[in-house]
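One structure is given here, and the rest of the page talks about it.
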Amino acid sequence: MNSNRNIRVVTKDFVYDQIKQKIISGRLKPDDNVVEESLAKEYEVSRTPLRGALQQLEHEELLVRKPNGRMKVAPITAKEAREIFMVRSRLEGIIAIDAAKHITRKDITFLKHIAYMIEECSEQGLHHDQVDYGMKFHSYLYEISGNKAATKILNLLNNHINRYRRLGLIDKTKRINKEVDDHALILEYIAMGEKNKAELAAQQHVINSMNAAIERIKEFQQPD
């Protein structure tokens, strides 16, 4: 009995993660319908774990329920982007200050490598890899900052942040090159112990991401 329940939980978690990644990566686009029958067939699962996964995604506001009871991918809005990124900008500034207090030479070397990989991905047009390295850059700063409260809040926002973060980089070569400068500058100030400059650079980096995301949202919302 417990064995069957555990299998359902594991299956639900697997399906939840698969659908979530599709939403965040943009393979499932804003306002796309989510059809239970198709998903059950795609992942070869029963309705019980599938519905559990969909309910969890609805709770996290990555899916929304339509008046007819069916679900669709949550829309993207400039208002939500501003709210999320403004909160993130303040928290990233705090993280940068605390990271400057605790960073070691070993940390600097590792972060320089990540910044280099971000640049390499940019030059080669590997935009999704570039985003992944950018996420690693920030995650590492969270760790060395030691600020558990700021990190916890950022992690709670993580799914929505990453959804808009990827949106802001799609087919934006100029914007992508700017990302490289942002990360390098943040690291430079942190390494030098320039806490105030590091804070401002981290905040501006997020504002730049916000502006790019909002620009893309406006393009999506333009009539054909």
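The values are calculated or read from the model by the stated rules, or taken from the named source; none is laboratory data. Not measured: the values here are computed from a predicted model. Here the Cβ is made from the backbone with ideal geometry for all residues, glycine too, and neighbour counts use every protein chain on show.
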Problem - Failed criterion for ILE170 (all others in (1) in a helix (DSSP H, G or I); (2) at pLDDT below 85; (3) more than 13 Å from the chain's Cα centre (by Cα) hold) - result: (1)
Handout entry: Flag for ILE84 being in contact (Cβ under 8 Å) with a residue 40 or more places away in the chain and assigned to a helix (DSSP H, G or I)
Key = yes
Exercise for the section: Assess whether LYS72 counts as being of a type outside the set (S, T, N, Q), touching a residue at least 12 places away in the same chain (Cβ under 8 Å) and part of a strand (DSSP E or B). Expected result: yes
Fill in the blank from the handout: Restricted to segment 117-141 and to residues being under 14 Å from the mean Cα position of the chain (by Cα) and among the hydroxyl-bearing types (Ser, Thr, Tyr), the residue farthest from SER89 (Cα to Cα) is TYR133
Fill in the blank from the handout: For LYS66, the lone unmet condition from (1) surrounded by 13 or more Cβ atoms within 10 Å (Cβ to Cβ); (2) closer than 24 Å to ILE217 by Cβ is (1)
